[in-house]
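So the structure is just underneath, and the comments pick up after that.
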Amino acid sequence: MLSLMSKSFIAEAAAFGEAGALFGLDLGEKTIGVAVCDPGRRVATPVETIRRTKFTPDAERLAALAKERGVVGLVMGLPLNMDGTEGPSAQRARAFVRNLPKILDLPVAFWDERLSTAAMERDLIAIDTKRKRRAEKIDESAAAFILQGAIDRLRDGTS
């Protein structure tokens, strides 16, 4: 049985079309992790971590990256609480997306990102990544984790 979040994602993702590069975004209070997938939507790759300043310059950086890579849609990580409810972090993600069309008008689908950062932290530790390097790469790695889960769902048709 599909969860409500999963059904919502599939409905939102229909606006992406059948092919084209997508961005995965991990929105934090201080940073935005950005990842991209290939146009065939097979593999997600970390791109960069944007240090947040104000909405407009943050969104303009995303728009520039999206243009460079021919992105057709965005997968925004939605940080739900462990019980599935939305807290302040999820509301910040939704507010960011509500304002995004002013600068970057691409379709957006929300993806449940619970534990994505923790999973990537474990993976980076497992490959013996130094603490400083983990801190530099964790957000874009989490964005890639989010995006990979989303494109796997779209490709597998197990939505």
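FYI, it's all coordinate maths here, none of it is from the lab. Predicted, not measured: the structure shown is a model, and the values here were computed from it. Reconstructed Cβ throughout: ideal geometry from the backbone, glycine too, with neighbour counts over all protein chains shown.
Below are the figures for this structure:
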{"quantity": "Order by protection proxy (mean Cβ within 10 Å, highest first), peptides 147-156, 73-82, 90-99", "calculated": "73-82, 147-156, 90-99"}
{"quantity": "Shape call, the range 1-98: gyration tensor on alpha carbons, a/c limit 1.5", "calculated": "oblate"}
{"quantity": "Violating pairs (Cα-Cα greater than 20 angstrom) within the set Lys54/Lys102; Lys7/Lys30; Lys7/Lys67", "calculated": "Lys7/Lys30; Lys7/Lys67"}
{"quantity": "Under 5 Å, built H, 5+ apart or other chain: amide partners of Val108", "calculated": "Leu74"}
